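Report on the following structure.
The values are calculated or read from the model by the stated rules, or taken from the named source; none is laboratory data. Everything numeric here is computed off the predicted structure, so don't read it as measured data. Glycine gets a Cβ as well: all are built from the backbone with ideal geometry, and neighbour counts include every protein chain shown. Surface areas here come from the heavy atoms of the whole protein model, side chains and all, with no ligands, DNA or RNA. Shrake-Rupley method; radii C 1.70, N 1.55, O 1.52, S 1.80 Å.
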Amino acid sequence: MKILPDIATKRIAVKLKPSSEKMVKRRHPWIFNDSIVKQNIQGKSGDLVIVYDTKKNDFLACGLYDPHSPIKVKLIEFGKPTQINEQWFITKIKKAFDIRKPLLETATNSYRLIFGENDNLPGFIADVYDQILVIKLYSHIWFPYLNLMIPHLIEISACKTVVLRLNRLLQSSGETYGLKDGQVIYGTLESEVVIFKEHGVLFSANVIKGHKTGYFLDHRYNRKRVGELAKHKKVLDVFSYAGGFSVHALCGGAKEVTSLDISAQALEMAKENASLNKHNGEHKIIVGDAFEELQNLIQKKRKFDLVVIDPPSFAKRESEIVKAKKGYTRLAELGAQLVTHNGLLVLASCSSRVIADDFFEISEEAISSKARVFEVLEKTYHDIDHPVTFAEGAYLKCGYYKLK
């Protein structure tokens, strides 16, 4: 099965600064441009880079060359010289699938099969929605290897259709070998909206036009947990987007759920997702800025038994960290004022630049600042299909607080 004509690649030898060499020995997957002190030839996207020890000239690691990125080499193998061939890809894909197997023993048919660097395939994401495999590329390095990878991704996942998504950089580069974002590269797609199951709850994903690959799979455990905690409760889901937490809460027996988001279109998706499932709770929506609407609810003296606040990333770059921390503080303060006595406040962050310890400390100080005594019920991180193998790969954290 060929997606593309064969793309020739070269081998490049590099040596690094001592500080970068240490990071490679610790199996960190990124080599930045200014870390390279010696390179034998110029490289193209996807060329195989061999990293040698500066003093002993021993093999340290190998990776793929990316001239379009400040991360010039994305490492895929460490320690021992290895042939990067079809069998290597089969082994990596099978290993990734085996990690996810316990999830597939639940009432779930949606999962992340490949999680970039954390599965030794940097910039490569593969998500499964029922029998649809959606591959999203974040780097040019993978085009020479798609022919080797895709047949085995199909075989191992047992998917019948493959959709290719490209990030904005790739879309604008003009170097995609004729492949386009949203292209069906294997099988047929009856509808761009795919219905899938998450712990028994039905959702939809637009695999052609939706964010990322169509849905955010990473909060699966937390959505399930909120559903378990929601019975007979009034629930507020802030930054609800397509209603992940809202729908689980409704299916879990919530008597009333309010979904709050700035996007009216996202809230329509939330209503549609709720309608896919049987529930008896009332589903309300609020369209507006979260900070403003939370303040409005406080002024109206509204209270909820369970408040979930899961904002988008507040810190995509280092310069935004201080502002992000202020945002998390403010949200925790607002949320604490809306929770009933013995009610629950669930606070989440997906900003990798704000580490988990800092996020939890910010959240807890903010709750205390509103004179609320709290009990920590649980702190969660990545679900099983989003493994973390290096510090920058960790981004998701969620705290569950019972407010007295």
* Would region 193-207 turn up any residue that is free of Cβ contacts under 8 Å to residues at least 40 places away in the same chain, touching a strand residue (DSSP E or B) at 6+ places or on another chain (Cβ under 8 Å), open to solvent by less than 60 Å² (accessible area, probe 1.4 Å) and among the acidic types (Asp, Glu)? -> no
* Considering every residue within region 4-12, establish whether at least one is open to solvent by less than 30 Å² (accessible area, probe 1.4 Å) and at pLDDT 95 or above. => yes
* To do: State which residue pairs qualify: first residue more than 26 Å from residue 235 (Cβ to Cβ) and inside region 310-327, second residue open to solvent by less than 50 Å² (accessible area, probe 1.4 Å) and of a type outside the set (Gly, Ala, Ser) in any location, beta carbons under 6 Å apart, and separation of 6 or more residues or different chains.
  => 315/321; 315/354; 325/362
* region 351-404, residues that are in contact (Cβ under 8 Å) with a residue 40 or more places away in the chain and over 28 Å from residue 319 (Cα atoms) -> 378, 383, 384, 385, 400, 401, 402, 403, 404
* Right, residue 89: touching a residue at least 12 places away in the same chain (Cβ under 8 Å), more than 18 Å from the chain's Cα centre (by Cα) and surrounded by fewer than 23 Cβ atoms within 10 Å (Cβ to Cβ) or not? -> yes
* What pairs come up if the first residue lies in region 288-309 and is part of a helix (DSSP H, G or I), the second is of a type in the set (Gly, Ala, Ser) and at pLDDT 95 or above, and their beta carbons are under 9 Å apart, counting only those six or more places apart or on different chains? -> 291/327; 294/335; 296/288
* Kindly provide the set of residues from region 143-170 that are exposed (fewer than 15 other Cβ atoms within 10 Å of the Cβ) and either over 29 Å from residue 98 (Cβ atoms) or touching a residue at least 12 places away in the same chain (Cβ under 8 Å) (or both), ordered by number. => 158, 160, 168, 169
* To do: Determine if region 15-27 includes at least one residue that is touching a residue at least 12 places away in the same chain (Cβ under 8 Å), farther than 30 Å from residue 155 by Cα and touching a Lys or Arg at 6+ places or on another chain (Cβ under 6 Å).
  => yes
